[in-house]
Amino acid sequence: MSIRVTLLTGPDQGPYSRRLVWLAVDGEGNPLGTASLRLSTDPGQPHLAELAVRVHPVERRRGVGSRLVEAALATARAEGRRAVVAPAEDGTAGAAFLAAHGFRKALTLRHARLDLAAAGAAGAAGDAGAGCEEYRLVSWDGAVPDDLAASYSAARRAMDDMPMGEVDYGTMTWDVDRLRAAARAVADRGEHLHTVAAVTAARGSMAGFTELVVPADGLGDGLHYGTAVLPAHRGRGLALRMKAEAIRRTRERYPLLAGLVTDTAEDNSPMRSVNEALGYRPTHETHQYQRTL
């Protein structure tokens, strides 16, 4: 079968990355599949690229995916990238495809779900940290308030040491502008971003945070984005307390929401223990595969 792979014009350019897209067509111009390569422009991730390949089921095992991967990897090399990562679910054809093209499993993510219709174990678990008077919880909807913006952007760096398996991830650069851009992206999709943070009672500086996104109609499942506690404040139950408060508020505000889902690195046992205490139950595993160039 004749296959032609073309780089599409007009790359998707954002403030922290740019995305290139290739289209594979047959000899008659019929589309067969696509590949996208997101090239990070973050100062802390100049080496990183993220790959996604999609081939129509009918056209698989005919070399289409291989041609797309070859084109994307050639560009990644030309751009000076040393690590290309791609996701795949456990035991799928996509995982086998990536392994056959020189990618190796570098990170396992364990996915879990909290059934919001079940008994409220989350509130009881959260009470374990309620007596800690060193901290108070604050919350907001959408973009971070001005008086907490600087402290929050600094707190985002607490995720720099989050377990990432063997993925050569680097570090994301966070500032107030990026925080607000992320909040706008959620709002532009019509979804609702809610954040609960722990601040020190004495100084009002941020010790940790947890983010949760709810679908526009308040139905289906919401998604935990990030949860982190700064190193100096760990071991005091803040992650449990913040997530329990976020769950409590979500139950009150979105009574028809079915559940909350989250994913956690396999080697992040402290956060997985928090999720289990809150009533999350495992659903499946996914992996990040990495190829070093």
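The values are calculated or read from the model by the stated rules, or taken from the named source; none is laboratory data. All values derive from a computational prediction rather than experimental measurement. So basically every Cβ, Gly included, is an ideal-geometry build from the backbone, and we count neighbours across all protein chains shown. These area figures cover heavy atoms from the full protein model, side chains too; ligands, DNA and RNA do not enter into them. Shrake-Rupley method; radii C 1.70, N 1.55, O 1.52, S 1.80 Å.
Couple of notes before you dig in:
- Listed by first and then second residue, the pairs with beta-carbon distance under 8 Å, at least 6 apart or on different chains, first residue in segment 73-101 and at positive phi, second surrounded by 14 or more Cβ atoms within 10 Å (Cβ to Cβ) and outside any helix (DSSP H, G or I), are G80/P46; G80/H47.
- T171 satisfies every condition listed in (1) under 30 Å from R291 (Cα atoms); (2) touching a strand residue (DSSP E or B) at 6+ places or on another chain (Cβ under 9 Å); (3) assigned to a loop (DSSP other than H, G, I, E, B); (4) open to solvent by 40 Å² or more (accessible area, probe 1.4 Å) except (2).
- Strands (runs of 3 or more DSSP E) fully within segment 188-282 that include at least 2 residues being open to solvent by 10 Å² or more (accessible area, probe 1.4 Å) and more than 26 Å from E134 (Cβ to Cβ): 192-200, 221-229, 259-265.
Here's the yes/no breakdown for (1) of a type outside the set (D, E, K, R); (2) touching a Leu at 6+ places or on another chain (Cβ under 9 Å):
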{"position": "V214", "(1), (2)": "yes, yes"}
{"position": "R236", "(1), (2)": "no, no"}
{"position": "E245", "(1), (2)": "no, yes"}
{"position": "R249", "(1), (2)": "no, yes"}
{"position": "R253", "(1), (2)": "no, no"}
{"position": "L256", "(1), (2)": "yes, yes"}
{"position": "A265", "(1), (2)": "yes, yes"}
{"position": "N268", "(1), (2)": "yes, no"}
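- Within segment 148-196, the set of residues being at pLDDT 85 or above, in contact with an Asp or Glu (Cβ under 8 Å, 6 or more places away or on another chain) and within 21 Å of M242 (Cα to Cα) comprises S153, H192, L193, H194, T195, V196.
- Within segment 219-236, residues that are closer than 14 Å to M206 by Cβ have Cβ atoms under 6 Å from residues that are among the acidic types (D, E) in these pairs: G226/E211, counting only partners at least 6 apart in sequence or on another chain.
- Segment 165-206: number of residues that are over 18 Å from the mean Cα position of the chain (by Cα) and aliphatic (A, V, I, L, M): 7
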